[in-house]
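Below: one structure in structure tokens.
The values are calculated or read from the model by the stated rules, or taken from the named source; none is laboratory data. Note that this is a predicted model, so its numbers are computed, not measured. Note: ideal-geometry Cβ built from the backbone for every residue, glycine included; neighbour counts use all protein chains shown. The area values use the complete protein model at the heavy-atom level, side chains included, leaving out ligands, DNA and RNA. Shrake-Rupley method; radii C 1.70, N 1.55, O 1.52, S 1.80 Å.
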Amino acid sequence: MSALNIERRQFDTLVIGAGGGGLRAALQMAEAEANVAVVSKVFPTRSHTVAAQGGMNAALGNVMPDNWHWHMYDTVKGSDYLGDQDAIEYMCRAASHLVVELEHAGVPFSRLANGKIYQRAFGGQSRDFGGEQAARTCAAADRTGHAILHALYQQNIRAKTHFFDEYFAIDLLKDDDGYILGAVVLCIETGEPLIIEAKTTLLATGGVGQLFRTNTNARINTGDGIAMALRAGIPVQDMEFFQFHPTGIAGKGMLITEGVRGEGGYLTNKNGERFMERYAPHAKDLASRDVVSRAIAIEVREGRGCGLNADHVMLKLDHLGPDVIKKRLPGIRDMAMTFAHVDPIETAIPVFPTAHYTMGGIPANRYGQVVVPLAQSAEEPIPGLYAVGECACVSVHGANRLGGNSLLDIVVFGRAAGNHVIEYLKENRYHRPFNESMVEEAMKRIGHWQKTGDGESVDGLRDELQKAMEQYCGVFRTRDILSEGVEKVRGLVARTKDARLKDQSKVFNTARIEALELENLMGLGLATVECALAREESRGAHSRVDYPERDDEHWMKHSLYHTDGRIEYKPVRTKPMTVDSFPPKPRVY
Amino acid sequence: MRFLIHRYNPEIDKKPHMQEYTLDGFHSGDMLLDALFRIKEEDDSLSFRRSCGEGVCGSDAMNINGRNGLACITPLKSLKEPVEVRPVPGLPIVRDLVVDMRQFYHQYRSVKPWLTVHDPEPETEYLQTPEQRDQLDGLYECILCGACSTACPSFWWNPDKFRGPAALLQSWRFLADSRDQATAERLEELEGAYRLFRCHSIMNCMDVCPKGLNPTKAIGNIKKMMLKHLV
């Protein structure tokens, strides 16, 4: 099909991805009367924000005194000093206002007796810069993501945002000056391509949890936007930092919220010992996720795991009583009963660290602009391109994200990016022509999968990639293992070129979508394992057995992986907007 | 295990047919969705929607042995063989197990499912007591999977006029919200013989809801409120 025959639509602004980040940005822009198109490969409320459970951090101080500055300290410390402190200050300052906005938008937050929003304790939270445990996580029972996503979708219907439901984004459109001008997308229902021209394009496509075999993520989390950016010549940042959530249901991966431990649940090993007391004497089970995940992995490795294969630990919460569990944790009770066949009111839940969150992603600043190193500076904005949420790397999470900061991240930077787009549109009033050869390139990607004949299957390659990532790039890493991983994934990338689809039909061909997703996964898997091999230190979620210490002198810097395999680095932004910098300290909980 | 799966590809098939698959080696605890993945590995032409795999995104509603449910939380061991899997009934079929949900979403949008407050906004949250908040339990958890509306004979006959259980549950979710100030508008919108009153309390909706919600009860509450509103 020639580019000229493809249908074209024009909007002021295009949002790719309809999770919380994309919808919050779309709402901001639609309310400013911009003409907004949202493209999503699933109906918006199926986006993975829906699965977020525990809540959203904001120093409302509804339960006990709190302060955004303490939240900032916890986030910087949680990031293992790889977070950018200007963006973290911005996020933590904005948090309370944004929770109130969401509440006004209809989110059914749980309530305290005085009618205010309920807040629970979560990992890595403290009062007064490292003091006693804080309670900073605003929750709608344990379905906070669902409550937020639905409210944001509802508000977008009201604001008449234009939705392209079940359209898959193939690639970005550019001109020769480097402006991003929309995308080529594929209507899943008809199988027909569509060109969406837009003065700005915002990527909000979520993370890439499907890189790992056991993960808490939806099948749709294949990092499409990150891979599109990489193909458009933008390096991806900090991909070696992948969060393993301490409490996925053992062997299956479904998430059991940190809110369980926030409400008073705790982990035990085969001796019934509350082992986190040994690893984090002060915060215990509410230490940062990287710390708790490593502790569980060590318990199991040293033979103190539970079950027939001694391959997991137990999350005990029966002592909380049926009322608290039914009121505050009804969703995970359902989940445990459905998938682990235990009722947590009576029995502990078997859990193990499970791939959960992509700290890395598309480099962006606190306005949501995608920034790349150019001659002028290390962070030069790409005109017309924005990224927010898990696909972006602002970086507010650095080497380890705190629980409750991801729902916050998506609304704070979704809104900020929306505001920046509105300003950009005032100065860029007209559509610029894009380079038509970009369409040919995108169509080649689709055309590649129309080759018939013998070849490996998409499913088989994806399974091999997921197993390889788990085996070679998991919680504990060493040079030898990572080097093998790089070879393995390079081989898989090469083999993907010769994979074939049997189903060549057009209408709702999900096999074809999965093939395009596989290409995205492959590119990002390689980026992850290459960056993990290159980083010779242990920081946050990246734990190198051969380099067990954090090395601020050489490695307090962000990695940038280019599509040609080159890795360069840029400094961490240690200077906040207004307050003093938090200098790196040993990180103990 | 034997499966009979509804197949229809409009580019190839004149009419739908049931295709048989036999698979072994399931693990205890495997769900119907796991079986569909296994089938798709062998036959990549089978199309169905799926995403979270844990019953919260609402993608994979289908008709399983004659009853609507979510494939991802339906244990294989609960199913009689051969397991018959069809698209949810009452909506146009796009392909295989995929239906066109536009009508369903249209009805959802029609009840204006967003919080509406006419008063000036305070700088803090609206206050709501825990008891007021409790009124939203059993309502806000809806995942829009469509299992209820597509199990409802009234919706099958009048999908363009009757809002259907899912949309009406959402309507009640806002009517029941102490913060909402659009009661009169919401009730007026539902007047007439069809939008609300086509519900004949058949209760299929509550019977099939994978989240254990009760749209029939919500509809009853709207009817009661409407009567009170009239007098």
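Quick check: pseudo-label points 7 Å beyond the Cα along Cα→Cβ at A:Glu487 and A:Asn309, how many nm apart are they?
So the label points at A:Glu487 and A:Asn309 sit 2.7 nm apart.
Also, quick follow-up: Quick one: 3J(HN,Hα) in Hz for segment B:188-205, Karplus 6.51/-1.76/1.60 with θ = phi - 60°, rounded, Gly and Pro as x.
Here the 3J(HN,Hα) series is 4, 4, 9, 5, x, 7, 10, 3, 10, 7, 6, 5, 10, 6, 6, 6, 4, 4 Hz.
Here is a follow-up. Residues of segment A:37-57 losing 20 Å² or more of accessible area relative to the isolated chain, 1.4 Å probe, heavy atoms only?
Relative to the lone chain, where solvent access is computed with a 1.4 Å probe, segment A:37-57 loses at least 20 Å² at A:Phe43, A:Arg46, A:Val50, A:Ala51.
For segment A:432-485 and segment B:153-193, what is the centre-to-centre distance using only Cα atoms, to the nearest Å?
For segment A:432-485 versus segment B:153-193, the Cα centre distance is 46 Å.
How big is the A-B contact in terms of buried accessible area, both chains counted, 1.4 Å probe, rounded to the nearest 100 Å²?
Chains A and B together bury roughly 4900 Å² of accessible area.
Which residues of segment B:88-121 show a drop of at least 10 Å² in accessible area when all protein chains are present, compared with their chain alone (probe radius 1.4 Å, heavy atoms only, ligands and nucleic acids excluded)?
B:Val94, B:Arg95, B:Val98, B:Arg102, B:Tyr105, B:Tyr108, B:Arg109, B:Pro113, B:Trp114, B:Leu115, B:Glu121
Okay, next question. Working with all protein chains in place, sort B:Trp172, B:Trp156, A:Trp449 by solvent-accessible area computed with a 1.4 Å probe, largest first.
B:Trp156, B:Trp172, A:Trp449
Nearest 5 percent is fine: what portion of the DSSP beta bridges confined to segment A:439-589 is antiparallel?
Percentage antiparallel, nearest 5: 80.
Separate question: Using only alpha carbon pairs under 8 Å that are at least six residues apart, calculate the relative contact order of chain B and give it in whole percent.
18
Right, something else. Mind checking the per residue accessible area of segment A:108-155 for me, 1.4 Å probe, whole number of Å²? All intermediate terms of the calculation are to be shown ahead of the outcome.
Numbers: 1020 Å² over 48 residues.
With the other protein chains kept in place, segment A:108-155 gives 21 Å² per residue.
If you roll a 1.4 angstrom probe over the protein chains with everything in place, what fraction of the accessible area of segment A:1-112 belongs to carbon and sulfur, to the nearest %? If you can, show how the numbers build up before the last one.
Working: 1290 of 2780 Å².
Of the solvent-accessible surface of segment A:1-112, carbon and sulfur hold 46 percent.
Taking trypsin sites (Lys or Arg not before Pro) as candidate sites, keep only those in a DSSP loop with at most 11 other Cβ atoms within 10 Å, then name the longest stretch of chain B containing none of them.
Between the exposed loop sites, the longest stretch runs B:81-231.
Still on this structure: For chain B, what is the calculated [θ] at 222 nm in deg cm²/dmol (nearest 500), taking -39500 (n - 2.57) for each run of four or more DSSP H residues and dividing by its residue count? Could you put the intermediate results ahead of the total?
Working: 8 runs with 70 residues, N = 231.
Result for chain B: -8500 deg cm²/dmol, rounded to the nearest 500.
Determine, for each peptide in A:227-237, A:6-16, the mean count of other beta carbons within 10 angstrom over its residues, then list the peptides with the highest first.
Working: A:227-237: 23.2, A:6-16: 21.5.
Most protected by this proxy first, the peptides run A:227-237, A:6-16.
When the dipole is taken about the Cα centre of the protein assembly as shown, and only Lys, Arg (+1) and Asp, Glu (-1) are charged at their Cβ, what size is it in debye, to the nearest 20?
Numbers: 96 positive and 107 negative charges, 339 e Å.
Dipole size: approximately 1620 debye.
Which residues of segment B:47-75 bury at least 10 Å² of accessible area once all protein chains are present, versus their chain alone (1.4 Å probe)?
B:Ser47, B:Phe48, B:Arg49, B:Arg50, B:Ser51, B:Cys52, B:Gly53, B:Glu54, B:Val56, B:Cys57, B:Ser59, B:Ile73
Another question, then. Set the Förster radius R0 to 41 Å, insert the Cβ-Cβ distance between A:Lys502 and A:Glu33 as r into 1/(1 + (r/R0)^6), and round the FRET efficiency to 0.05. Before the final figure, lay out the partial values.
On the way: r = 47 Å, r/R0 = 1.15.
With a Förster radius of 41 Å, E is 0.30.
Another one. Return the subset of A:Lys199/A:Lys570; A:Lys116/B:Lys228; A:Lys467/A:Lys570; A:Lys41/A:Lys426; A:Lys116/A:Lys327; A:Lys116/B:Lys217 for which the Cα-Cα distance in this structure is over 21 Å, preserving the input order.
From A:Lys199/A:Lys570; A:Lys116/B:Lys228; A:Lys467/A:Lys570; A:Lys41/A:Lys426; A:Lys116/A:Lys327; A:Lys116/B:Lys217, over 21 Å: A:Lys199/A:Lys570; A:Lys116/B:Lys228; A:Lys467/A:Lys570; A:Lys41/A:Lys426; A:Lys116/B:Lys217.
Loop only by DSSP, 15 or fewer other Cβ within 10 Å of the Cβ. Give me the GluC sites (Glu not before Pro) in segment B:1-71 that pass, ordered by residue number.
On the way: sites: B:Glu11, B:Glu20, B:Glu41, B:Glu42, B:Glu54; in loops: B:Glu11, B:Glu54.
Qualifying residues, ordered by number: B:Glu11.
Pick out, in residue order, every one of the trypsin sites (Lys or Arg not before Pro) in segment A:151-212 that is DSSP loop and has at most 14 other C-beta atoms within 10 Å; say none if there are none.
A:Lys160
Here's a follow-up. Mind scanning B:Lys112/B:Lys161; A:Lys160/B:Lys161; A:Lys506/B:Lys40; A:Lys270/A:Lys316 and naming the pairs with a C-alpha gap bigger than 20 Å?
Cα-Cα > 20 Å for A:Lys160/B:Lys161; rest within.
Would you kindly derive the ³J(HN,Hα) couplings of segment A:501-511 from the backbone phi angles with the Karplus curve 6.51 cos²θ - 1.76 cosθ + 1.60 (θ = phi - 60°), listing them in order in whole Hz, with x for Gly and Pro?
Listing the rounded values in order: 9, 7, 6, 10, 6, 9, 5, 6, 8, 6, 4 Hz.
Next up: Counting only residues 5 or more places away or on other chains, whose amide H sits under 5 Å from the amide H of A:Val36 once H atoms are built in the peptide plane?
HN-HN under 5 Å from A:Val36: A:His162.
Relative contact order of segment A:206-305, please, whole-number percent, based on alpha carbon pairs below 8 angstrom and at least 6 residues apart.
Relative contact order here is 20 percent.
May I ask you to evaluate 6.51 cos²θ - 1.76 cosθ + 1.60, the Karplus curve with θ = phi - 60°, for each residue of segment A:212-227 and list the ³J(HN,Hα) values in order in whole Hz, giving x for glycine and proline?
10, 4, 9, 9, 8, 8, 6, 4, 6, 7, 10, x, 4, x, 5, 5
Work out, step by step, the length gained on full extension between A:Val579 and A:Asp480: first 0.36 nm times the residue separation, then minus their alpha carbon distance; give nm to one decimal.
31.4 nm
How much length would be gained if the chain were fully extended between A:Gln450 and A:Glu277, taking 0.36 nm per residue of separation minus their Cα-Cα distance, in nm to one decimal?
Additional length available on full extension: 56.6 nm.
Evaluate the distance, in nm, between pseudo-label points positioned 7 Å from the Cα of B:Gln19 and of A:Arg301 along their respective Cα→Cβ axes.
The answer from the label model is 4.5 nm.
Related question: Per 0.36 nm of contour for each residue apart, how much would the distance between A:Glu380 and A:Arg9 grow if the chain were fully extended, relative to their Cα-Cα spacing?
Separation in residues times 0.36 nm, less the Cα-Cα distance, equals 130.7 nm.
Right, here's the next one. In whole angstrom, how far apart do the alpha carbon centroids of segment A:563-586 and segment A:39-64 sit?
27
Indicate, rounded to the nearest 5 percent, the antiparallel portion of the DSSP beta bridges found entirely in the protein assembly as shown.
Details: 60 of 88 bridges.
Here the antiparallel bridges make up roughly 70 percent for the protein assembly as shown.
Another question about this same structure. Of A:Thr496, A:Gly55, B:Ala176, whose Cα points farthest to the positive end of the dipole of the protein assembly as shown (charges on the beta-carbon: +1 Lys, Arg; -1 Asp, Glu; origin at the Cα centre)?
About the Cα centre, the residue reaching furthest to the positive side is B:Ala176.
Counting heavy atoms of the protein chains only and a 1.4 Å probe, report the per residue accessible area for segment B:66-186 as a whole number of Å².
Result: 39 Å² of accessible area for each residue.
What is the spin-label model distance, in nm, from B:Asn158 to B:Asp43 if the labels are put 7 Å beyond Cα along the C-beta direction?
Here the answer is 4.0 nm between the modelled labels.
Looking at segment A:244-306, which GluC sites (Glu not before Pro) are DSSP coil and have at most 14 other C-beta atoms within 10 Å of their C-beta?
A:Glu273, A:Glu302
When the helices in chain A are scored as -39500 (n - 2.57) per DSSP H run of 4 or longer and the sum is shared across all residues, what 222 nm value do you end up with, to the nearest 500 deg cm²/dmol?
It lands at -10500 deg cm²/dmol.
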